[in-house]
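J.: Below you'll find the structure I mean.
What follows is calculated from the coordinates using simple rules that are stated; it is not laboratory data. Since the model is a prediction, treat every value here as computed from it, not as a measurement. Glycine gets a Cβ as well: all are built from the backbone with ideal geometry, and neighbour counts include every protein chain shown.
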Amino acid sequence: MIQAVDILNAKILIVDDQQSNVQLLEQLLQGAGYQSVSSTMQPEEVCRLHRKYQYDLILLDLQMPVMDGFQVMEALKTSTEDDYLPVIVLTAQPGHKLRALQSGAKDFVSKPFDLVEVKTRIHNMLEVRLLYKKLADFNKVLEQAVQDRTAELRESEARYRSLTELASDWYWEQDESGNFTKVSGPVLEMLGMRVDALDGASAASQVDCWDETERELLRATIAAREPFLDFPFHRVNADGSRQQFRVSGEPMFSRNGRFQGYRGIGVEVMVAA
């Protein structure tokens, strides 16, 4: 919630080429307890002043020489990063009210001034403006927290993968459709998927050396989305030597229970001579 003290401490700029109007509004605002009220009779200075002081509210006259209020609003739109134009226009022309709102003004005050109406519109406008700024600040904090947390998770995942790969002979990950997204080791061969060997050996010779019964059991376990620990797997090489592995894996699920894929590790077990 916005406190009364926040509203009274808001930064307000009065822009009018008539000294009498400036003095009247200054006296009105200061008498109401506003602590940060400034003014200018040079509309061409408004953008520079707003970039420097970031006003919470600009009371802007429409009929001025050099630059009228409409030109000032257009300049404010292009010269500041603030996508909320904190402007109440001051006008004696009823026909200008709609155009001013279409140009980005948030409210208007008619001349000659009704002092009660002026104070009420300024108070209401500041309350909305400060709420908007508080929401924008909260969103920035939230966005930064999400970025920090995402970075922490990525770092944690990188450490996990590094340690996993160091502690195992190979590692793999699959997405929810069964596509391999990370492979280190002979997992593709174990599952009967044809891949090119690094040494130029034929794919068929690689695939056929694995035990088909073990392969089908491993495939079925993965298809059922079940975890497995130290699943025994072996192959007989062309020279008659036998290699034995222990394979472990687990399905991955999101917080709402949606299946996201699989990840697993394997180690080669030394066979006694």
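J.: Once you list every other residue whose beta carbon is under 15 Å from the beta carbon of GLN18, what net charge do they have if Lys and Arg are +1 and Asp and Glu are -1?
T.: Neighbour charge sum, excluding GLN18 itself: -4.
J.: Here are several values of Cα Rg over 2.2 N^0.38 Å: [x] 0.93; [y] 1.01; [z] 1.92. Which one was derived from the coordinates shown?
T.: Matching the structure shown: [z].
J.: So what are the ³J(HN,Hα) numbers for the range 31-48, from phi and the Karplus equation (6.51, -1.76, 1.60; θ = phi - 60°), rounded to whole Hz, Gly and Pro as x?
T.: Coupling constants for the range 31-48: x, 7, x, 6, 9, 10, 10, 10, 8, 8, 9, 10, x, 5, 8, 4, 4, 4 Hz.
J.: Using per-residue counts of other Cβ atoms within 10 Å, averaged over each peptide, order 251-258, 39-46 from highest down.
T.: Top of the packing list down: 39-46, 251-258.
J.: Which whole-Hz ³J(HN,Hα) couplings does the range 135-149 yield from phi under the Karplus relation 6.51 cos²θ - 1.76 cosθ + 1.60, θ = phi - 60°, glycine and proline marked x?
T.: Karplus-based 3J(HN,Hα) across the range 135-149 equals 5, 5, 5, 5, 5, 5, 4, 5, 4, 5, 5, 5, 5, 5, 5 Hz.
J.: Just order 217-227, 11-21, 96-106 by mean Cβ neighbour count inside 10 Å, highest at the front, would you?
T.: Top to bottom by mean Cβ count within 10 Å: 11-21, 96-106, 217-227.
J.: Can you compute the charge dipole magnitude of the chain about its Cα centre, using +1 on each Lys and Arg Cβ and -1 on each Asp and Glu Cβ, nothing else charged? Give it in debye, rounded to the nearest 20.
T.: Taking the Cα centre of the chain as origin, the dipole is about 820 debye.
J.: Using the Cα centre of the range 4-141 as the reference point, and only Cβ charges (+1 on K/R, -1 on D/E), how large is the resulting charge dipole? Debye, rounded to the nearest 20.
T.: 280 debye
J.: Magnitude of the Cβ-charge dipole of the range 97-150, K/R +1 and D/E -1, about the Cα centre, nearest 20 debye?
T.: With Lys and Arg at +1 and Asp and Glu at -1, about 200 debye.
J.: While we're here: Taking the number of other C-beta atoms within 10 Å as the exposure measure, put TYR55, TYR84 in order starting with the fewest.
T.: Fewest-to-most ranking of TYR55, TYR84: TYR84, TYR55.
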